[in-house]
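Novice: First, the structure itself, so that you have it in front of you.
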Amino acid sequence: MISIKSEREIELLRIAGKITGDTHNYLLPYIKPGITTKELDDLSYNYIISRGATPSFKNYDGFPGSICTSINDEVVHGIPGNRKLKNGDIIKIDIGACYKGYHGDSAWTYPVGKISTRLENLLAQTEEALFKGLSVIKEGTRIGDIGYAISEIANKYHLGVVKELVGHGVGRDIHEEPDVPNYGKKNTGPILKEGMVIAVEPMLNLGTPNIFIEDDDWTIVTADEEPSAHFEHTVLVTKDGYEILTKR
Ligand code: MG
Ligand code: MG
């Protein structure tokens, strides 16, 4: 069952989304060579708490961090630790904030210092895929239409689409129905209705779409060690379009 949110729930989801987006903005000046991912995690924890929310990912299935920090060939679910960011890295920061029982979920990929043109393109193209996926959303759109739109962009730039990890509904739980894959066929899958809230999150790789899980049982990496990018917004479905809840 895909839940339709009430006005009150939408108000709380807007606040949770705003805190999530604001946490990204808050971190931005700290994303520099030399900082550790644990320091970014601590900054996020303190900021989210200061806003009257809690980090959605902390203790989720036992995840130890408040945010996910995934560098270069790490796709998602990187655990914050002592690794220092280096000039030329890219880092994916995935943030969830829970406010009065409702969640916001947004990931973004950031350059660290000066990055190569190849990486600049990967970031721009994956962000383009996110907004292309969002652009088809309105009441009546089917989930397959979103994945189709995303994979069209991925194919255009010859990027690998990660298939094992998908977007999802968002509400009282950070991961609700439906699954929102980054591939699909037009006119297939569940039909969106006004009041549904979903997270759309393309994960695109410069090389193979294949991934595996590291020995820490969390960090997902690309099989060929090529870099991966991830962009995600949580959005409310409306009659004629969508509202980004995790705006920056
Ligand atoms: Mg998500
Ligand atoms: Mg996320």
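The values are calculated or read from the model by the stated rules, or taken from the named source; none is laboratory data. Just so we're clear, the structure is a prediction, and the values are computed from it rather than from any experiment. Heads up, the Cβs are rebuilt from the backbone with ideal geometry, glycines too, and the neighbour counts pull from every protein chain shown.
Novice: Kindly list the number of the only condition in (1) touching a Lys or Arg at 6+ places or on another chain (Cβ under 6 Å); (2) in contact (Cβ under 8 Å) with a residue 40 or more places away in the chain; (3) buried (at least 19 other Cβ atoms within 10 Å of the Cβ); (4) under 22 Å from Glu176 (Cβ atoms) that fails for Thr109.
Specialist: The single condition Thr109 does not satisfy is (4).
Novice: Please work out if Gly104 is in contact with a Pro (Cβ under 7 Å, 6 or more places away or on another chain), outside any loop (DSSP other than H, G, I, E, B), crowded, with 23+ Cβ neighbours inside 10 Å and modelled with pLDDT of 95 or more. Spell out the reasoning first.
Specialist: Working: in contact with a Pro (Cβ under 7 Å, 6 or more places away or on another chain): no; outside any loop (DSSP other than H, G, I, E, B): yes; crowded, with 23+ Cβ neighbours inside 10 Å: yes; modelled with pLDDT of 95 or more: yes.
No, not satisfied.
Novice: Could you name every one of the strands (runs of 3 or more DSSP E) located completely within region 156-239 that has at least 1 residues being within 19 Å of Ile90 (Cβ to Cβ) and more than 13 Å from the chain's Cα centre (by Cα)? Even if it seems obvious, please write down each step before you answer.
Specialist: Working: elements: 167-169, 176-180, 197-200, 203-205, 211-213, 220-222, 228-230, 233-237.
Counting at least 1 such residues, we get 203-205, 211-213, 220-222.
Novice: Another question about this same structure. Residues being buried (at least 21 other Cβ atoms within 10 Å of the Cβ), more than 15 Å from Asp216 (Cα to Cα) and charged (D, E, K, R): count how many of those fall in region 39-83.
Specialist: The number of residues fulfilling the criteria is 1.
Novice: For Thr126, all conditions in the list (1) within 13 Å of the chain's Cα centre (by Cα); (2) of a type in the set (S, T, N, Q); (3) surrounded by fewer than 17 Cβ atoms within 10 Å (Cβ to Cβ) hold save one; what is the number of the exception?
Specialist: Evaluating Thr126 over (1) within 13 Å of the chain's Cα centre (by Cα); (2) of a type in the set (S, T, N, Q); (3) surrounded by fewer than 17 Cβ atoms within 10 Å (Cβ to Cβ) leaves (3) as the failure.
Novice: Right, here's the next one. So the check is Cβ under 7 Å with 6+ separation or different chains; which pairs have a first residue in region 150-165 that's in contact (Cβ under 8 Å) with a residue 24 or more places away in the chain and a second one that's surrounded by fewer than 22 Cβ atoms within 10 Å (Cβ to Cβ) and among the basic types (Lys, Arg)?
Specialist: Every condition considered, the pairs that remain are Ile150/Lys132; Ile153/Lys132.
Novice: Please work out which residue is farthest from ligand 1 (Cβ to nearest atom), limiting yourself to region 75-97 and to residues that are over 14 Å from the mean Cα position of the chain (by Cα) and not in a loop (DSSP other than H, G, I, E, B).
Specialist: Keep residues of region 75-97 that are over 14 Å from the mean Cα position of the chain (by Cα), which gives 79-90.
Then keep just the ones that are not in a loop (DSSP other than H, G, I, E, B); that gives 84, 90.
Numbers: Lys84: 26, Ile90: 19 Å.
Of everything passing the filter in region 75-97, Lys84 is farthest from ligand 1 (Cβ to nearest atom).
Novice: Can you pull out the residues in region 170-209 that are within 16 Å of ligand 2 (Cβ to nearest atom), farther than 22 Å from Ala16 by Cα and either of a type in the set (A, V, I, L, M, F, W, C) or surrounded by fewer than 20 Cβ atoms within 10 Å (Cβ to Cβ) (or both)?
Specialist: The answer is Met203, Leu204.
Novice: Out of Leu130, Leu159, report the one residue that is under 23 Å from His103 (Cα atoms) and either touching a Phe, Trp or Tyr at 6+ places or on another chain (Cβ under 9 Å) or at pLDDT 95 or above (or both).
Specialist: Values: Leu159 fails: under 23 Å from His103 (Cα atoms).
The conditions single out Leu130.
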